[in-house]
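The structure appears right after this line, and notes come after that.
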Amino acid sequence: MPTEAAGRPATLPRSRGGDGAPALPAARIVPDWLWGVLLVMPALAMVALFFLYPLGLSAVSAFQGRDGGWTLANVVKAFELYSLDMAFTLAIVLLSSALVAVLSVAIGGYLTLGENRLAVTLLRWLYRWPLFIPFIVAAQMMRSFLAKNGLMNNLLIGSGVIEPLQAASLLDWRGVVVTFVWKQTPFVALMVAGAMASLDRSTIEAARDLGAGRLRILGEIVVPQIRPTLTVGLILSFVTMLSVMSVPMMINPNSPTMITVDMAYRINAHGDYGVANALGFVSYAMAGLVGWFYLRHGVRQGGAR
């Protein structure tokens, strides 16, 4: 028969107080919540240092005068001088986002519902290329493509579609929209195609068996299910296009132009950081409004579940 002493461990760790109680491991001495805080501290520090601090400083500077006092003069001056450019910026970004949505759904839909394997493979291989091209390179490419003597007009004249006198330059708001759509469509299409590929195909096959066409399946079955993913992609694209300066500066330098160009002009030509920050505050407001719509939509969806 084993005795009681034989069932005990040979040595027991002693506590620091010497009361004979077993010592706690280090992971138990530090509370669990503190470990969680320590783990997220580097990420929080990066966000605070490189996003929240510049954002707050820019917002505060928009409402301060050169003497450091609080004023609305910078905001008033920004609206007096650049209200047309603000409307132009919003119109360009909204139009580009709408075109990106249509093309992304078309690309994702063909990759999901397409029956020609060769065409699907070629499209899957080609549509991602603009993802790896910076905006400034894309703008330079579009300058060569959309100019009056550019590649597009030369192709149209060579193929007999237009006469040489009918050639026109698209280096204006149309060129900005074309560049934004060409650059951002692959990003949204990549997210949309991934969401479509993860759908349960039984509903798609059932609709096919009932005689529904691909366009109807795409519009009534596929798109409603991937709408949250599409919305996230469009919001990210909206904010990205809102912050791009190289494209409007290289393609559409004339007035009206986008407010990123105005911000650079106020700083480089006048050293006017107050008005530049006021224009930046307007950009924050535009991006924040779009984010608010998305959060409101997400909260409603979460409450409905």
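The values are calculated or read from the model by the stated rules, or taken from the named source; none is laboratory data. Here the structure is a predicted model, which means the values were calculated and not measured. Because the Cβ atoms are built from the backbone with ideal geometry, glycine has one as well, and the counts that use them run over all protein chains shown. Side chains included, ligands, DNA and RNA excluded: accessible areas come from the protein's heavy atoms. Shrake-Rupley method; radii C 1.70, N 1.55, O 1.52, S 1.80 Å.
Worth pointing out:
- Scanning region 78-130 for residues that are open to solvent by less than 80 Å² (accessible area, probe 1.4 Å) and in contact with a Pro (Cβ under 7 Å, 6 or more places away or on another chain) yields a count of 4.
- Selection from region 191-221 of residues that are in contact (Cβ under 8 Å) with a residue 24 or more places away in the chain and farther than 30 Å from Met286 by Cβ: Ala197, Leu199, Ile204, Arg214, Ile217, Leu218
- Scope region 131-144; condition farther than 28 Å from Ile162 by Cα and crowded, with 18+ Cβ neighbours inside 10 Å; matching residues: Phe135
- Of all residues in region 238-252, those that are within 15 Å of Val181 (Cα to Cα) have Cβ atoms under 6 Å from Cβ atoms of residues that are part of a loop (DSSP other than H, G, I, E, B), 6 or more apart or on another chain, in Pro248/Thr257; Pro248/Met258; Ile251/Leu171.
- Cβ-Cβ under 7 Å pairs, at least 6 apart or on other chains, region 105-125 side within 17 Å of Ser198 (Cβ to Cβ), far side open to solvent by 80 Å² or more (accessible area, probe 1.4 Å) and basic (Lys, Arg): Leu111/Arg124; Leu113/Arg214
- All conditions in (1) open to solvent by less than 40 Å² (accessible area, probe 1.4 Å); (2) more than 24 Å from Ala189 (Cβ to Cβ) hold for Met263, with the sole exception of (1).
- Some residue of region 191-206 being under 14 Å from the mean Cα position of the chain (by Cα) and either at pLDDT 90 or above or surrounded by 13 or more Cβ atoms within 10 Å (Cβ to Cβ) (or both): yes
- Of the criteria (1) open to solvent by 80 Å² or more (accessible area, probe 1.4 Å); (2) not in a helix (DSSP H, G or I), which one Gly160 fails: (1)
- Scan region 27-53 for residues that are closer than 30 Å to Gly280 by Cβ and at pLDDT 85 or above and the total you get is 13.
- Given (1) open to solvent by 20 Å² or more (accessible area, probe 1.4 Å); (2) modelled with pLDDT of 90 or more; (3) among the small types (Gly, Ala, Ser), number of the condition Ser237 does not satisfy: (1)
- Residue within region 145-153 that is in contact (Cβ under 8 Å) with a residue 60 or more places away in the chain and either open to solvent by 80 Å² or more (accessible area, probe 1.4 Å) or not in a loop (DSSP other than H, G, I, E, B) (or both) present: yes
- Pick from region 55-90, criterion of a type in the set (Asp, Glu) and in a helix (DSSP H, G or I), ranking: farthest from Ala278 (Cα to Cα): Asp85
- In the set (1) open to solvent by less than 40 Å² (accessible area, probe 1.4 Å); (2) of a type in the set (A, V, I, L, M); (3) at pLDDT below 90, Leu295 fails one condition alone, (1).
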